[in-house]
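To start, the structure under review is shown below, and the notes come after it.
The numbers here are math on the coordinates, done by the rules we state, and not lab data. Note that this is a predicted model, so its numbers are computed, not measured. So basically every Cβ, Gly included, is an ideal-geometry build from the backbone, and we count neighbours across all protein chains shown.
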């Protein structure tokens, strides 16, 4: 199939300098694929890249943006034999050379070159019953599912999720899918807390209006450690990235609690290490999705409704407007950019 000679692509040129530019349309090498991108989500890390001026290429090239995407295969190199032109797929951006995360390609474009598409796990088939938008949610849900896997949360346990951004909301969805019913979500945004409830949270707490730890204890119970009252929650997932929140978890959790940090913390946190030792806490980090993509696709294909996560949709031509909404966490959940020509 012939493609246009140029396509639009979003680049970060510097601090808060984002441009939609024309670039040469990609052509696949022997082991590559070219996708007609259908949808791509704006991630919190995209906002961070923009704020820091991007990750320039080796020659100082501007950074192509976008890594949460689905599309349809438009062209294949001769070495890619496990896929066919016309297949609908999801891209694993890490396996595809850190696509949109410092690699040479980015997903906010109508035509995308995917290097090494012949390797297993780079492009995953999207079932016919799933929409392009659902495909664009696979990547953030992969981050969320890995955090849940790290927590080892089980049905019957009590879980607190700090932060109701797209990752925290995804955590709620995965927990409910896994049969966890006692889920309390803490955030500052009433809109995001409403979405958390629609996804299955059993309780929500507005940190700007309520006593967070009093409400956690009310929702999930209270215990005593060395004579001090603490929350009876089994698992805490930090999807907020605020140092004081992490410290509060360590100070107020029970003996043997499990803590997972999936948020990016910009500032160092002063942690009372005595609590970690005396309460025998387990603290784990959670980074990306080493093996979760296939499980997320299966989860969505089972019929799990994650539609409430998506609050706004914009065409690529309105990327600046999409970005402005995504920068307002109190107003937006997941913002999706669609690539259909307008």
For the range 140-285: relative contact order, % (alpha-carbon pairs under 8 angstrom, 6 or more apart): 22
P(r), alpha carbons of the chain - 10 Å bins starting at zero, rounded %: 6, 26, 32, 22, 11, 4, 0, 0
Cα gyration tensor category, rounded, prolate or oblate, for the range 140-285 with a/c compared to 1.5: rounded
Highest-fluctuation residue, 225, 161, 325 considered, GNM on the chain with Cα pairs under 10 Å: 225
Förster-model FRET efficiency, 35 Å R0, residue 152 and residue 78, C-beta, rounded to 0.05: 0.20
Packing-based exposure ordering (other Cβ within 10 Å, fewest first) of 69, 99, 20: 20, 99, 69
GNM flexibility winner over the chain from 82, 220, 197 (Cα, springs under 10 Å): 82
Approximate spin-label separation residue 222-residue 190, in nm, with each point projected 7 Å along Cα-to-Cβ: 2.8
Tilt relative to the chain, helix 138-151 - C-alpha long axis, 0 to 90 degrees, to 10: 30
Among beta bridges that DSSP assigns inside the range 140-285, antiparallel share in %, nearest 5: 15
Label-to-label distance, nm, for residues given as residue 198 and residue 255 (7 Å Cα→Cβ offset): 4.3
Centroid-to-centroid separation of the range 105-150 and the range 247-294 [C-alpha atoms, Å]: 27
